[in-house]
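Have a look at the structure below before the remarks.
The values are calculated or read from the model by the stated rules, or taken from the named source; none is laboratory data. If you're wondering where the values come from, they're calculated on a predicted model, not measured in any experiment. Please note: Cβ atoms are built from the backbone with ideal geometry, for glycine as well, and neighbour counts cover all protein chains shown. These accessible areas exclude ligands, DNA and RNA; they are computed on the full protein's heavy atoms, side chains included. Shrake-Rupley method; radii C 1.70, N 1.55, O 1.52, S 1.80 Å.
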Amino acid sequence: RPGAGAARGARSPADAPGDGGQALGPRSGAADPVAEETIRLAAKLLPGGAMSAWQRGWCTAEHVGRYLRGRGGDPAAAAAILAQALAWREEHRDVLSGAREPRWQTDLRVLTCGGDGVPIIYGCFRFNVPATSSNLRDIVE
């Protein structure tokens, strides 16, 4: 539901891929071939061997650079963890984009989305609900 969070000041998933930075990739004109190679390799590791537009929008110089630095500049190693992050983000896209409020069984809440589209989460475990087989999925959602 694009624009579902507009009443709360949030952007739609298409408007807010992650950090508001310029997405890297074949159409961005980015000059960093190592980052572009990392994105290409990560796409191959995703289900179907391709990234969605929403996933690609999160592949900014800041995000891809973080994975490259974390793996000593090795594009293949960085791509492996980038692909894991992208798959997780796709799996939880509805919550990350603000399209759906999570059903967590604790006092952990997505309060709003910042100006750059990143969710701002509040967590208080004072009245934490113990995990049981019936609520475990909602707790770790």
If you take the residues of region 46-59 that are over 18 Å from ASP116 (Cα atoms) and surrounded by fewer than 17 Cβ atoms within 10 Å (Cβ to Cβ), which of them is nearest to the chain's Cα centre (by Cα)?
-> SER52
Region 66-88, residues that are surrounded by fewer than 21 Cβ atoms within 10 Å (Cβ to Cβ) and either farther than 16 Å from PRO33 by Cβ or at pLDDT below 95 (or both) = ARG66, ARG69, GLY70, ARG71, GLY72, ALA77, ALA80, ILE81, GLN84, ALA85, ALA87, TRP88
Can you find a residue in region 91-98 that is open to solvent by 60 Å² or more (accessible area, probe 1.4 Å), assigned to a loop (DSSP other than H, G, I, E, B) and at pLDDT 80 or above?
-> no
Top-ranked residue of region 106-130 - restricted to ones that are over 30 Å from ALA42 (Cβ atoms), assigned to a loop (DSSP other than H, G, I, E, B) and open to solvent by less than 70 Å² (accessible area, probe 1.4 Å), ranked as modelled with the highest pLDDT = VAL129
Quick one: which of GLU62, GLU36, GLU101 is assigned to a helix (DSSP H, G or I), free of Cβ contacts under 8 Å to residues at least 40 places away in the same chain and open to solvent by 40 Å² or more (accessible area, probe 1.4 Å)?
-> GLU36
Scanning region 24-39 residue by residue, those at pLDDT 60 or above and under 11 Å from VAL64 (Cβ atoms) turn out to be LEU24, ASP32, VAL34, ALA35, GLU36, GLU37, THR38, ILE39
